[in-house]
Every structure is written in structure tokens, then in C-alpha cells.
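Below is one structure, written out as C-alpha cells; the observations come after it.
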Amino acid sequence: MLSNTLNILFDLDGTLTDPREGITRCIQYALGQFNEVIPPWEQLTWCIGPPLKASFAQLLNTGDPIMLDQALAHYRKRFSEKGLFENALYPGVASALDDLRTAGFKLFLATSKPRVFARQILDHFKITPYFHTAYGSELDGRLSDKGVLIAHIIEKEGLDSSATLMVGDRVYDIEGGKKNNVMTAAVAYGYGTPDEINAANPDVVFESITDISQTLLFKSKWARGASQSQ
């Protein structure tokens, strides 16, 4: 199945970068503005991946849209100043992206993180040139749902769903891909638990970013060889 892949949509947090420090510190900062008890970072890693407003709704135990907007504003204040760069590329990301792009795959960023922040992160780590286009949510919340975002990318870029692969670490990435009839791959090194990944039932699970590039490059070469022999 993966031999048909031409387009690869990559999640950002937990897939290309490890944003734990920045995200958890910014959540702690935002909660502190409401005089809430601030959980240790270990209890906040579940917030890495889903739309932040939904996470704050659980953390603050509220559905009040004004309070949630305030929490998001506090988070973004610190994130834009510090949290953005409290981040690290996973080992092998740059070389894997380079190999895939060189081999002719068309790469897209597909993150629920606001696009304005995502593009700064790609620039910071010098991996922007590997992507055809970087897509993310808007600051007003539009496109934060991964299924809606993937549909937007497919329509905007005119992609063939049957030749497109969504790669991510959380159930939202896999479910978003399935809603759009694209192939799905989960990475085992991110923030999705084994139970979460198994329940999401992706088409394939990769142990590392290097596994992704090596597998896709091999299958691509195999498919070309099989086509030429016919």
C-alpha cells in the first residue's frame, strides 16, 4: 500500500519535534494566571497534540468561552516569547526529510498548532525548505481539527487521497487521515500511548523517523522496479 505514496503530511509536535518543555511550561504559566494549582509537567504531556482550547476546558473544568479564550491568550503570550523555542528536533528528522524530498516525495506540514508559530519553528530548525507548504490552524481556531485541516490541504493542493500518507503520533492524526481516506502512519516515539495508537489502528507504525524514510524509499524503488519490468 505504501508503495503508492507520493504525498506525505507530517504532524509537527511529537512527530518532527519534541515540544514538551515549551508546551508544558506555557500551560503552567496560563493556569497560574487563574490562581489554579499548577500540575507538574509530567501530568500535562497529554495536552501535546489535541487543540489547546479543549485541553484548557478540562484543566480549568469549564466551558466558559471567555475564560478559555483568556487561557489561550496567556498561553500564546509566553509561547510566542519563549515556549516556541523550548523545543528540539527528534534525531534524524532533517536527514530523513532531505532523503524523502530528494527522492521526489511531496512533503506538507499538517499541524493543529497555529500556522504562524509552526512556520517559525520550521525556520528555527532550518527544515522549511523540505516542505512544499506548511499548513496549520488559524489563531481564531479554524482548521484546528485535524480532519478538517487534512481535507483543506487535499482540496487546496489538489492531492490524490489514495497517494497520500498522514504521519503523526496521536489518535487525532490517524482519525483525521481516515476521515479523508488517506493512508495513516503512527510514530511510536511521540506522545501517543501504545494503547492509543493500537485503538486508532493506523495502517503502519514506525519506531523512528529514519524508519519512515527508509521504508518509503524502499517501497518507492520496489514499485518503480516492478513497473519497469512489466
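The values are calculated or read from the model by the stated rules, or taken from the named source; none is laboratory data. Everything numeric here is computed off the predicted structure, so don't read it as measured data. Cβ sites come from the backbone with ideal geometry, for glycine too, and all protein chains shown count toward neighbours. Accessible surface areas use protein heavy atoms only, side chains included; no ligands, DNA or RNA. Shrake-Rupley method; radii C 1.70, N 1.55, O 1.52, S 1.80 Å.
With every protein chain present, what is the per residue accessible area of the range 74-214 (1.4 Å probe, Å²)?
Values: 6290 Å² over 141 residues.
Ligands and nucleic acids excluded, the figure is 45 Å² per residue.
Which order do Y191, Y75, Y172 take by accessible area at a 1.4 Å probe, largest first? Walk me through the intermediate numbers first.
Numbers: Y191 50, Y75 10, Y172 90 Å².
Final ranking, largest accessible area leading: Y172, Y191, Y75.
In the chain, which whole DSSP H runs stretch at least 20 Å along their own axis (Cα) and average -1.0 or higher on the Kyte-Doolittle scale? Mind showing how you got there, number by number?
Details: long enough: 65-81 (24 Å, -0.58); 209-229 (30 Å, -0.27).
Passing helices, by number: 65-81, 209-229.
Of Q28, G147, A118, which is farthest towards the positive pole of the chain's charge dipole, taken about the Cα centre with +1 and -1 on the beta-carbons of Lys, Arg and Asp, Glu respectively?
Of the listed residues, the answer is A118.
Suppose every K and R has +1 on its Cβ and every D and E has -1 on its Cβ; what is the size of the dipole of the range 1-100 about the Cα centre, in Debye to the nearest 20? Walk me through the numbers before you get to the answer.
Values: 7 positive and 12 negative charges, 60 e Å.
The calculation lands at about 280 debye.
Explain nothing, just the number: dipole magnitude of the chain about its Cα centre with +1 on each Lys and Arg Cβ and -1 on each Asp and Glu Cβ, in debye rounded to the nearest 20.
Values: 22 positive and 27 negative charges, 112 e Å.
Using only the charged Cβ atoms, the result is roughly 540 debye.
Can you tell me which of R170, R78, R20 moves the most in a GNM of the chain? Springs connect C-alpha atoms under 10 Å apart.
With Cα springs under 10 Å in the chain, the top fluctuation among R170, R78, R20 is at R78.
Under a 10 Å cutoff between Cα atoms, tell me which one of G49, G136, G158 has the largest fluctuation in the Gaussian network model of the chain.
Per the Cα network of the chain with a 10 Å cutoff, G158 tops the list.
Expected output is a single nm value to one decimal: the length gained when fully extending between E21 and H132, i.e. 0.36 nm times separation in residues minus the C-alpha distance. What is it?
On the way: separation 111, 0.36 × 111 = 39.96 nm, distance 2.81 nm.
My answer for the length gained is 37.1 nm.
Among L31, L109, L12, determine the one that fluctuates most according to a GNM of the chain built with springs between C-alpha atoms less than 10 Å apart.
The residue that fluctuates most here is L31.
Would you be so kind as to identify which of W46, F85, M67 lies farthest towards the positive end of the dipole of the range 20-95, taking Lys and Arg as +1 and Asp and Glu as -1 on Cβ and the Cα centre as origin?
The residue sitting farthest along the positive end of the dipole is F85.
Could you pull out every residue, at least 5 positions away or on a different chain, whose amide H is within less than 5 Å of the one on M166? Hs are placed 1.01 Å off N in the peptide plane, and Pro or chain starts have none.
L9, M183, T184, A185
Computed FRET efficiency, Cβ-Cβ of K156 and S3, R0 25 Å: what is it to the nearest 0.05? Please list the in-between numbers first.
Working: r = 26 Å, r/R0 = 1.02.
Efficiency computed from Cβ-Cβ geometry: 0.45.
Of the accessible area of the chain, with the probe set at 1.4 angstrom, what percent is carbon plus sulfur?
About 50 percent, which is the carbon plus sulfur part of the accessible surface.
In percent, how large is the relative contact order of the chain, given Cα pairs closer than 8 Å and 6 or more residues apart? Don't skip to the answer; put the middle values down first.
Working: 381 pairs, mean separation 60.2, N = 230.
Computed over the chain, the figure is 26 percent.
Net charge within 15 Å of D123 by Cβ-Cβ distance, Lys/Arg positive one each and Asp/Glu negative one each, not counting D123 itself? Don't jump to the answer; show the numbers that get you there.
Values: positive: K113, R115, R119, K126; negative: none.
Neighbour charge sum, excluding D123 itself: +4.
Given the rule -39500 (n - 2.57) for each run of at least 4 DSSP H residues, summed and divided by the residues of the chain, what is its mean residue ellipticity at 222 nm, to the nearest 500 deg cm²/dmol?
Numbers: 9 runs with 107 residues, N = 230.
So the calculated ellipticity at 222 nm is -14500 deg cm²/dmol.
Quickly work out the S208-to-D140 label distance, labels modelled 7 Å from Cα along the C-beta direction, and quote it in nm with one decimal.
4.4 nm
To the nearest 10 square angstrom, how much accessible area does H132 have with a 1.4 angstrom probe?
Spelled out: H132, probe radius 1.4 Å, area about 90 Å².
I38 versus D69, label points 7 Å from Cα toward the beta carbon: distance in nm?
Going from the I38 label point to the D69 one covers 2.6 nm.
How long is the gain from Q120 to A163 if the chain were fully straight, where each residue apart is worth 0.36 nm and the alpha carbon distance is subtracted?
On the way: separation 43, 0.36 × 43 = 15.48 nm, distance 2.85 nm.
Between Q120 and A163, full extension yields an extra 12.6 nm.
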